[in-house]
Amino acid sequence: MSGLVEIRGLYKSYWRGASEVPVLSDLSLDIARGEFVALMGPSGSGKSTLLNLIAGLDRPTRGSLRIDGRELADFAETELDRWRNRRVGFIFQFYNLIPVLSALENVEIPLLISDYGGDERRERCEAALRIVGLGHRLDHRPGELSGGEQQRVAIARALVNDPLLVLADEPTGDLDSENAEEVLSLMALLNRQAGTTFVMVTHDPRAAAKARRIVHLEKGRLADAT
Amino acid sequence: MSPRWSRLSLPLRYAWRNAWAHRGASAVTVFSVAISVMVYVVMTATADSLKGIAASTGDPANVVVLSKGAGSAESSRLDAPTVAAARYAPGVLRDASGEPLASVELLAMRRIPIPGLPPDDPAAQRYMSLRGVTPAALLVHPGIRIAAGRFPAASGELLIGRLVTENLGAVGIGSEISIEGKPHRVVGVLAAKGQFFESELWMTLEDLRGRSGDREASAVVLRAAGPRAAAQLVDRLEKSRQANVSAKTETEYYAQMQRVSQAFVYLGNLIGALLGLGAVVAGANTMYATMSRRIREMGTLRALGFGRWRVGAALLLESGLVSLLGGAIGVGLAFAWDGIAFSIVSLSFELAIGPANAAAGIAMALAIGAAGGFLPARSASRLEIVAALRHV
Amino acid sequence: MKLFSEIARQAPLVARQLRRSPRRTALTFLGLVIAFFLFTALESLLYTMSTVVAGASRDALLFTRAADPDYWRAQLPASYAEAIEELPGVVAASPVRFFFGTGRTEGSFAVAMGIEPSAHLKLGIPDGVTGSELRALFVERDAALVGERLLEDNGWKVGDRVTIGGRQRKPDLTFTIRGDIARGDRLDRVAVVRLDYLQEVLGGGGRVTFIQVRAREAGIAPAVADAIDRRFANYTMPTQTVTEKAHIAPFIASLSDARDGLRLVGYLALGVTLLVVANSVAVGVRERTREIGTLRAMGYGRARVVSLVLCEALAVAVVGGTFGALAAYALFATGRVEIPGAGFAYRSDVSVVVRAALLSIPLGLVAGAQPAWSAVRMTISDALRYTE
């Protein structure tokens, strides 16, 4: 298991008017390939911020963040876009599916700006939806799917481009316990069988239990590592 | 690979379905663009039609002789000796019997009461162009033919242009038209596709000369062997000292009549611009509204790796699509006016909407779409990803 | 005045709503300004066209000319004017001779009008001409009062000594400009000179183009016209007397196609704007469905909510519409609006602007109607639960 995410001395602050509000302070963390890590902590602990930084959605104020050996801070904006498109998968609390597109079309979205040809895109989308068990609901729109089904479509979308890691921000936050269980089990299965690396932010201990490692944050720092 | 999986297919479907999702607002934009394009196309086509008449009237081998300094035939007066000198000028073609192919013409604008309506009502009258001619006119103006009936042979007879009905109502062979109080009977209809003559009333030269009995004319139209011979004839006449005249080729003469179309070009552009501006505002309003409802969606697309310009471009595509639809409808509506005859004072014409007008209409629609969508698209491209993802 | 106090109370709420999305309000406002500007401008064009025909004072102004289709050349004896003045109902008769020539540049036209100053001024004094300028016409033989537009076209100024070139073998006419006639007057394109000077230059034996006659009032004008023509019916040069209205009417009437078209465009612009405003208000209503639900839960009745939405629509429509109408009026009031090739300047009138601005009220009401209805259509509990 090689080091996928290497964080050293990471700082992130926001500016509110003239004052600096620190969110992450001197954070260091390693995540290896094939891990399933849960980031937990009270609200305001900076866990979502950390996820956003790992995702390349935001830039750190100071410190080093290397993913797959590459320093994200060195990437220009368009390089970051490209990198996210090819290497990262996202799962959001509110699914963030495009309401006017069908499940199949939603899954295809990340592939549109890739190099895959039309036939390969079709195969990948159909395969991804089959993996999450929605092969029969390709043409349905999000409005016609339950919360759990929508999240599974989101997972398919996250996987369709063979990402290095999948980042999930409160994936079960909007689901009832039955659906939450389904989704988490799916994630755990993918992690075990396909070796997909998952980093999940959650405040739900049951969700965290499905992960193989829990990292606690408090006031922008690691509390402990299990 | 089916078209469904081409790379352009999904963005287009995305744009279309979003437009449909807020179809009320989209419909307003479509409607605004359609109206703007329709008005613009009709007005510029009118200008083109008027210019077209000026451009197609006249023959380059003909020379129009007017009195010196006269701007147009209506204000020109040639006395009998001048007319003779023009007719027998060297370079004028002769017919089989040796007579010069020269048409002596008298032009006048008169108020003509519309047949069938009370003659005293000033609003029931129209200014029409009258042309007093001899049979030589048919020889000299090649594009003219008698579509029905015959050439006037005596006083009181009229040969009316095909489009005269636009101004005077339903008149045809046998109808009576009163000219300066004297009744005239229509004996023929003249056709000359796309030329001024179709708006005119022709009568014998003596008839129009009327009471004054003098031998004056407005113009003499001379036929030369060809355009080059005509140019030489023009030169000769202009320089001649005995005949104090101004001469032009017939096509040049009518080309200067294009100023009527100027007004329409001006009005058309102005009104089109204002309506188009209104459509831009409507479009911008719609696009801003849809953008603010899709902030999280756009943040998601950014997260998935879509560059900021792509995200903005998606909005621009939607705006362009909606405007294009409006433009197509507008052009279609404009075509409803194609072929219909109108009249501006004494000039009647048939509106011709050509492919250039239609293309201009579509281009206008696209411009409206680009202008309306630009600012919202730019806003979208400036979204900060994390904030957008957190948007409610 | 319950209505006003009601509006006063609603005003802050309406203002807050409009400020909530300043961009949307601004865009809607802009659309209204543009549409009402266009509408008012088009209506002003139409107004000018119809007043040219219906000019009230002109009904009393007659033109006596030779009863010959080509009257511009066949000229009337100037002496007819004295005989005409003796007829009952005639206030004044002034012989006028027109001279068409070329201006400064090749191909440009300049028109001179020769009058007898004492006779002509009984008909009316041109705008913008002062007493001293008039006096110059009485005193100096070759003085002229030149219309502003003719001055502009030729680059002339008051004080210049200029020439109008003769055409068709006619001599040139030279004169000194002693005054200008204001733009907007009927003579603003003409150089007014003394008739005796013009006759001297042109020759032609005391003939004039026509005789301008003022009848005592518009009502008797047709009778006066008849009387004049009967007076000279048996002369070698009989007359035909017409009112200016009858002279121009056929021209305006034959523009009717164009006029209908312009009117239609104006109303189309308003129609589209109505939809834009309606849509804009509707979006605003939809955005605050929950807030409206809260207001209703707190006791705001349906009627009050409806009036709130209508006020909002009205506010934008009336302010934007009035602005646009006033902008168009300001443009036309400069007197410089011409359409190249059409030959006269367009004016506007307060009545046109007021009528246009008032249209913004029904527009606002109709635009606000559907959103207002949808604002109260939902049950309160649905509204409180509403998510996009």
Residue match in region C:283-303 (condition: assigned to a loop (DSSP other than H, G, I, E, B) and either modelled with pLDDT of 85 or more or of a type in the set (Gly, Ala, Ser) (or both)): yes
Is there a residue being surrounded by fewer than 21 Cβ atoms within 10 Å (Cβ to Cβ), modelled with pLDDT under 80 and of a type in the set (D, E, K, R) anywhere in region B:219-237? no
Selection from region A:74-87 of residues more than 8 Å from chain B (Cβ to nearest Cβ), touching a residue at least 12 places away in the same chain (Cβ under 8 Å) and either under 19 Å from the mean Cα position of the chain (by Cα) or in a strand (DSSP E or B) (or both) yields A:LEU80, A:ARG87
Find the residue count for region B:183-225, including only residues that are in contact with a Pro (Cβ under 8 Å, 6 or more places away or on another chain) and either farther than 30 Å from B:VAL345 by Cβ or within 13 Å of chain C (Cβ to nearest Cβ) (or both). 3
When you look at B:LEU366, is it within 21 Å of the chain's Cα centre (by Cα) and assigned to a helix (DSSP H, G or I), yes or no? no
Specify the residue that is modelled with the highest pLDDT; the eligible residues are those in region A:29-64 that are over 22 Å from A:PRO163 (Cα atoms) and touching a Gly at 6+ places or on another chain (Cβ under 6 Å). A:GLY63
Listed residues B:LEU325, B:LEU317, B:LEU321; which is within 14 Å of chain A (Cβ to nearest Cβ), of a type in the set (A, V, I, L, M), within 31 Å of the chain's Cα centre (by Cα) and part of a helix (DSSP H, G or I)? B:LEU321
Any pair with Cβ under 7 angstrom, 6 or more apart, that starts in region A:106-120 at a residue that is at the interface with chain B (Cβ under 7 Å from one of its Cβ atoms) and ends at one that is polar (S, T, N, Q) and loosely packed, with under 14 Cβ neighbours inside 10 Å: A:GLY118/B:SER6
Which one is nearest to the other protein chains (Cβ to nearest Cβ) among residues in region C:255-276 that are within 30 Å of B:PRO115 (Cα to Cα) and over 18 Å from the mean Cα position of the chain (by Cα)? C:ASP257
Kindly indicate which of B:ALA334, B:ALA388, B:ALA356 is part of a helix (DSSP H, G or I) and closer than 19 Å to A:ILE113 by Cβ. B:ALA388
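A quick yes/no check of all residues on (1) surrounded by fewer than 16 Cβ atoms within 10 Å (Cβ to Cβ); (2) within 14 Å of chain B (Cβ to nearest Cβ):
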position: C:ALA278; (1), (2): no, yes
position: C:ARG296; (1), (2): no, no
position: C:GLY301; (1), (2): yes, no
position: C:LEU326; (1), (2): no, no
position: C:VAL337; (1), (2): no, yes
position: C:ASP349; (1), (2): no, no
position: C:ARG355; (1), (2): yes, no
position: C:PRO362; (1), (2): yes, no
position: C:PRO371; (1), (2): no, yes
Please go through region A:44-73 and pick out each residue that is assigned to a strand (DSSP E or B) and either acidic (Asp, Glu) or touching a Pro at 6+ places or on another chain (Cβ under 9 Å) (or both). A:GLU71
Need pairs with beta-carbon distance below 8 Å; first residue within 12 Å of chain B (Cβ to nearest Cβ) and under 16 Å from A:VAL21 (Cα atoms) and within region A:40-61, second of a type in the set (S, T, N, Q) and surrounded by 20 or more Cβ atoms within 10 Å (Cβ to Cβ); sequence gap 6+ or separate chains. A:ASP58/A:THR49; A:ASP58/A:ASN52
Which number in (1) surrounded by 24 or more Cβ atoms within 10 Å (Cβ to Cβ); (2) more than 14 Å from chain B (Cβ to nearest Cβ) marks the one condition that A:GLY135 misses? (1)
In region C:202-218, what count of residues is obtained for those that are surrounded by fewer than 20 Cβ atoms within 10 Å (Cβ to Cβ) and among the aliphatic types (A, V, I, L, M)? 2
So is B:VAL234 under 30 Å from C:VAL33 (Cβ atoms), touching a residue at least 40 places away in the same chain (Cβ under 8 Å) and either in a helix (DSSP H, G or I) or more than 9 Å from chain C (Cβ to nearest Cβ) (or both) or not? no
Name the residue, out of B:VAL221, B:VAL187, that is hydrophobic (A, V, I, L, M, F, W, C) and either more than 28 Å from the chain's Cα centre (by Cα) or in a loop (DSSP other than H, G, I, E, B) (or both). B:VAL187
State all residues of region B:75-89 that are assigned to a helix (DSSP H, G or I), surrounded by 17 or more Cβ atoms within 10 Å (Cβ to Cβ) and in contact (Cβ under 8 Å) with a residue 60 or more places away in the chain; if no residue qualifies, say none. B:THR82, B:VAL83, B:ALA85, B:ALA86, B:ARG87
Does B:SER9 satisfy the condition of being away from chain C (no Cβ under 14 Å), touching a Gly at 6+ places or on another chain (Cβ under 6 Å) and either surrounded by fewer than 19 Cβ atoms within 10 Å (Cβ to Cβ) or more than 30 Å from B:GLN232 (Cα to Cα) (or both)? no
Looking at (1) touching a helix residue (DSSP H, G or I) at 6+ places or on another chain (Cβ under 7 Å); (2) within 11 Å of chain B (Cβ to nearest Cβ); (3) closer than 20 Å to B:PRO3 by Cα; (4) outside any helix (DSSP H, G or I), which one does A:CYS125 not meet, given that it meets all the others? (4)
Looking only at region A:94-120, which residues are within 16 Å of the chain's Cα centre (by Cα), crowded, with 18+ Cβ neighbours inside 10 Å and assigned to a loop (DSSP other than H, G, I, E, B)? A:TYR95, A:ASN96, A:LEU97
The correct count of residues that are within 17 Å of B:GLY283 (Cα to Cα), more than 8 Å from every other protein chain (Cβ to nearest Cβ) and in contact (Cβ under 8 Å) with a residue 40 or more places away in the chain in region B:12-37 is 11
Number of positions in region C:95-135 that are among the polar types (S, T, N, Q) and more than 28 Å from the chain's Cα centre (by Cα): 4
Within region A:155-208, take every residue that is over 23 Å from A:ILE98 (Cβ atoms) and hydroxyl-bearing (Ser, Thr, Tyr) and give me the one that is farthest from the chain's Cα centre (by Cα). A:SER177
Any idea which residue in region C:156-201 is surrounded by the fewest Cβ atoms within 10 Å (Cβ to Cβ), counting only those that are among the polar types (S, T, N, Q) and closer than 29 Å to C:GLN240 by Cβ? C:GLN168
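The values are calculated or read from the model by the stated rules, or taken from the named source; none is laboratory data. Everything numeric in this text was worked out from a predicted model, so none of it was measured. Note that each Cβ is placed from the backbone with ideal geometry, even for glycine, and that neighbours are counted across all protein chains shown.
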